[in-house]
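Student: First, the structure itself, so that you have it in front of you.
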Amino acid sequence: MEELYKHIEEHQNEYVEWLQDLCRIPSVAAQNRGMEEAAQKVLEHLNLHNKADTKLIDTDGYPVVFGEVKGKSKRVLSFYNHYDVQPEDPVDLWDTPPFDSEIVDGKLIARGSADNKGNLIARIAAVHAYQQVYGELPINIKFIVEGEEEIGSPNLEGFAEKNADLIKADGCIWEFGYKNADGRQQVSLGVKGMAYVELTCKGANTDLHSANAAVIENPAWRLIWALQSIKGENNRVKIPGFYDDVLDLTHQDVQLISELIYSEQEMKEQLDINQFVNGVEGEELKKQLIFSPTCNICGFESGYTGEGAKTVLPSEAKVKIDFRLVPNQDPYKIVEQLRTHLDHHGFEDIDITPMGLEYPARTEPDDPLAKSVISATKNVMGMEPTVMPMSPGTGPMYELCQKLGIPAVSVGVGNFASNNHAPNENIYIKDFIDGIKIIARVIDDFAKH
């Protein structure tokens, strides 16, 4: 593999240019910006650099870019990625323009650099490098690149159902991956699920002068009282039945947690906080991060929030909430429980709009793919990776992988301060090159299992 690693290092400028080129396309799915251009650019990379058989597969939203590269064996390794990115707002907090794709002090700063174009290009580059050095791949490779991950992948389930044979694989490398604050690479064996909902409370049919607050109910207050019924100050969700399906930790889970390295002090310093929720630390902190479901307010909207004062009684209030779920919680069941809970507390008038429902998903650490990724990461980085039983984040892994019997593992090019979904999203160039090497090594090793 040393010859392959040398080739990657000698061509790193070329691979970085591929990434910069893709990051300059503002492919914001939520705003329908740059989506067609980005899909075509990914298709171009797969055709030109990997000699892949490619096609754009239509969905009810943005198309899925599919590519397949034949190898020597019948085994198949797939890569799931996405070509859409988050909106760049607030633009004034960026150190460089978000789509200029500039390199500053060894870091590529661009929207999408970590989430998820860096990982996508690293995988394209790994296949390219392997082909250049060894010719034919040892295994079949499939690329599945969607354009709606950042808006909840609303059409991926339908895509997977219609194309189950096409996307069939022996394992899938999932879209994300990061390093800890101490520089140790993370390998994640799953994702949490999610029930993302919007609650809406309506009052009068128009905004009013706040003098009317003596006799007209304020929907903002009503929504706040509803929220107070959902979660307590101890961070526990108060919806009856919410925790009923949460699985007890196995002995293996406890062992993985004990081996998991989480840089508590570095994280607190990075975020400028004094403590974590409920003051947890050590083993309990790691258990809570990985295996505890959550209820989080993403945003609250009502009334006047502009500059200066405006005495208004709003006619409507909205809040967006995400529930992160763990095995074996069911997002559809959680929404039903939320509806029952609100009705029981007298909030029948509050509407619930589901905006993203994902099942949790896991792969066992003794799965051949997990072993290959862990081994490859150790080989390239020269140290044991941090193996996370499950990522605290969420994605459509279950629909694309576990539902079809495909194990999935995550490893990638981000760092603990990559600022996903925030200003100054970034990756280090060195991490990007190491990420290419890791994927190339996985391709080689997984073919032998």
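Student: What pairs come out if I take residues in the range 29-50 that are part of a helix (DSSP H, G or I) and pair them with residues that are modelled with pLDDT under 95 whose C-beta lies under 9 Å away, six or more apart or interchain?
Tutor: Cβ pairs passing all conditions: Ala29/Glu149; Ala29/Glu150; Ala29/Ile151; Ala30/Glu150; Ala30/Ile151.
Student: Can you name every residue in the range 185-238 that is polar (S, T, N, Q) and free of Cβ contacts under 8 Å to residues at least 24 places away in the same chain? Walk me through it before giving the result.
Tutor: So in the range 185-238, the residues polar (S, T, N, Q) come out as 185-186, 188, 200, 205-206, 210, 212, 218, 228-229, 234-235.
Passing the criteria: only Gln228.
Student: Give the range 389-410 a look and list any residue that's among the aliphatic types (A, V, I, L, M), out of contact with any Leu (no Cβ under 6 Å at 6 or more places or on another chain) and under 17 Å from Ile290 (Cβ atoms), or say none. Write out each step before concluding.
Tutor: Of the range 389-410, the ones among the aliphatic types (A, V, I, L, M) are 390, 397, 400, 404, 406, 408-409.
From the residues that got through so far, the ones that are out of contact with any Leu (no Cβ under 6 Å at 6 or more places or on another chain) too are 390, 397, 400, 404, 406, 408.
Within the range 389-410, Met390, Met397, Ala408 meet the criteria.
Student: Across the range 175-207, which residue is surrounded by the most Cβ atoms within 10 Å (Cβ to Cβ) among those that are farther than 29 Å from Phe291 by Cα and of a type in the set (Val, Ile, Thr)?
Tutor: If we take residues in the range 175-207 being farther than 29 Å from Phe291 by Cα and of a type in the set (Val, Ile, Thr), then Thr200 is surrounded by the most Cβ atoms within 10 Å (Cβ to Cβ).
Student: With (1) of a type outside the set (Gly, Ala, Ser); (2) under 20 Å from the mean Cα position of the chain (by Cα); (3) surrounded by fewer than 20 Cβ atoms within 10 Å (Cβ to Cβ); (4) modelled with pLDDT of 95 or more as the list, and Cys172 as the residue in question, which single condition is left unmet?
Tutor: Cys172 satisfies all of (1) of a type outside the set (Gly, Ala, Ser); (2) under 20 Å from the mean Cα position of the chain (by Cα); (3) surrounded by fewer than 20 Cβ atoms within 10 Å (Cβ to Cβ); (4) modelled with pLDDT of 95 or more except (3).
Student: If you check every pair at least six apart or on different chains, which have Cβ atoms under 6 Å apart with a residue in the range 251-270 that is under 19 Å from Phe416 (Cβ atoms) first and a residue that is among the charged types (D, E, K, R) and surrounded by fewer than 14 Cβ atoms within 10 Å (Cβ to Cβ) second?
Tutor: Partner pairs satisfying both residue conditions: Ser263/Asp182.
Student: In the range 404-419, which residues are out of contact with any strand residue (DSSP E or B) (no Cβ under 7 Å at 6 or more places or on another chain) and either part of a helix (DSSP H, G or I) or closer than 18 Å to Arg123 by Cβ (or both)? Even if it seems obvious, please write down each step before you answer.
Tutor: Residues of the range 404-419 out of contact with any strand residue (DSSP E or B) (no Cβ under 7 Å at 6 or more places or on another chain): 404-405, 412, 417.
Hits for the range 404-419 are Leu404, Gly412.
Student: So which of Asp89, Asp21 is assigned to a loop (DSSP other than H, G, I, E, B) and either surrounded by fewer than 17 Cβ atoms within 10 Å (Cβ to Cβ) or of a type in the set (Gly, Ala, Ser) (or both)?
Tutor: Details: Asp21 fails: assigned to a loop (DSSP other than H, G, I, E, B).
Being assigned to a loop (DSSP other than H, G, I, E, B) and either surrounded by fewer than 17 Cβ atoms within 10 Å (Cβ to Cβ) or of a type in the set (Gly, Ala, Ser) (or both) holds for just one of Asp89, Asp21, which is Asp89.
Student: Another question, then. Which numbered condition in (1) surrounded by fewer than 18 Cβ atoms within 10 Å (Cβ to Cβ); (2) more than 19 Å from the chain's Cα centre (by Cα); (3) at negative phi is the only one that Leu342 fails?
Tutor: Condition not satisfied by Leu342: (1).
Student: Could you list, ordered by first residue, the pairs with Cβ atoms under 7 Å in which the first is in the range 65-92 and of a type in the set (S, T, N, Q) and the second is in a strand (DSSP E or B), at least 6 apart or interchain?
Tutor: From the range 65-92, the pairs are Ser78/Lys142; Ser78/Ile144; Ser78/Cys172; Asn81/Val145.
Student: Further, regarding this structure: Having 2 or more residues that are basic (Lys, Arg) is the bar; report the strands (runs of 3 or more DSSP E) wholly within the range 266-379 that clear it.
Tutor: Working: elements: 294-302, 316-325, 351-358.
Fully inside the range 266-379 and qualifying: 316-325.
Student: Please work out which one of (1) in the same structural domain as Pro154 (by TED's automatic domain parsing); (2) surrounded by 16 or more Cβ atoms within 10 Å (Cβ to Cβ); (3) more than 24 Å from the chain's Cα centre (by Cα); (4) not aliphatic (A, V, I, L, M) is the condition Gly303 fails and give its number.
Tutor: Going through (1) in the same structural domain as Pro154 (by TED's automatic domain parsing); (2) surrounded by 16 or more Cβ atoms within 10 Å (Cβ to Cβ); (3) more than 24 Å from the chain's Cα centre (by Cα); (4) not aliphatic (A, V, I, L, M) one by one, Gly303 breaks only (1).
Student: Can you find, within the range 285-300, the residue that is surrounded by the fewest Cβ atoms within 10 Å (Cβ to Cβ) among those that are in contact with a helix residue (DSSP H, G or I) (Cβ under 9 Å, 6 or more places away or on another chain) and more than 24 Å from Gln265 (Cα to Cα)?
Tutor: Only one residue fits best here, namely Ile297.
Student: What strands (runs of 3 or more DSSP E) completely inside the range 134-201 contain at least 1 residues that are among the polar types (S, T, N, Q)? Before the answer, list the steps.
Tutor: Values: elements: 140-146, 171-174, 186-188.
Output list reads 140-146, 186-188.
Student: Only one of (1) modelled with pLDDT under 95; (2) part of a helix (DSSP H, G or I); (3) touching a Leu at 6+ places or on another chain (Cβ under 9 Å) is not met by Tyr262, so which one is it?
Tutor: Of (1) modelled with pLDDT under 95; (2) part of a helix (DSSP H, G or I); (3) touching a Leu at 6+ places or on another chain (Cβ under 9 Å), only one is false for Tyr262: (2).
Student: Is it the case that some residue within the range 220-234 is surrounded by 15 or more Cβ atoms within 10 Å (Cβ to Cβ) and part of a loop (DSSP other than H, G, I, E, B)?
Tutor: no
Student: Restricting the search to the range 165-184, which residues are within 22 Å of Glu364 (Cα to Cα) and either free of Cβ contacts under 8 Å to residues at least 60 places away in the same chain or among the hydrophobic types (A, V, I, L, M, F, W, C) (or both)?
Tutor: We begin by selecting, within the range 165-184, every residue within 22 Å of Glu364 (Cα to Cα); these are 167-180, 184.
Of everything in the range 165-184, those that are within 22 Å of Glu364 (Cα to Cα) and either free of Cβ contacts under 8 Å to residues at least 60 places away in the same chain or among the hydrophobic types (A, V, I, L, M, F, W, C) (or both) turn out to be Ile167, Ala169, Cys172, Ile173, Trp174, Phe176.
Student: Another question, if that's okay. Taking the range 360-384, which residues are under 24 Å from Gln288 (Cβ atoms) and at pLDDT below 95?
Tutor: Once the filter is applied, which keeps residues that are under 24 Å from Gln288 (Cβ atoms) and at pLDDT below 95, the range 360-384 yields Glu364, Pro365, Glu384.
Student: Taking the criterion of being surrounded by 23 or more Cβ atoms within 10 Å (Cβ to Cβ), among the polar types (S, T, N, Q) and over 28 Å from Asn140 (Cβ atoms), would at least one residue in the range 402-420 satisfy it?
Tutor: Within the range 402-420, one or more residues are surrounded by 23 or more Cβ atoms within 10 Å (Cβ to Cβ), among the polar types (S, T, N, Q) and over 28 Å from Asn140 (Cβ atoms).
The values are calculated or read from the model by the stated rules, or taken from the named source; none is laboratory data. None of the values given here were measured: they were computed from a predicted structure. All Cβ positions, even for glycine, are placed from backbone atoms using ideal geometry, and neighbour counts span all protein chains on display.
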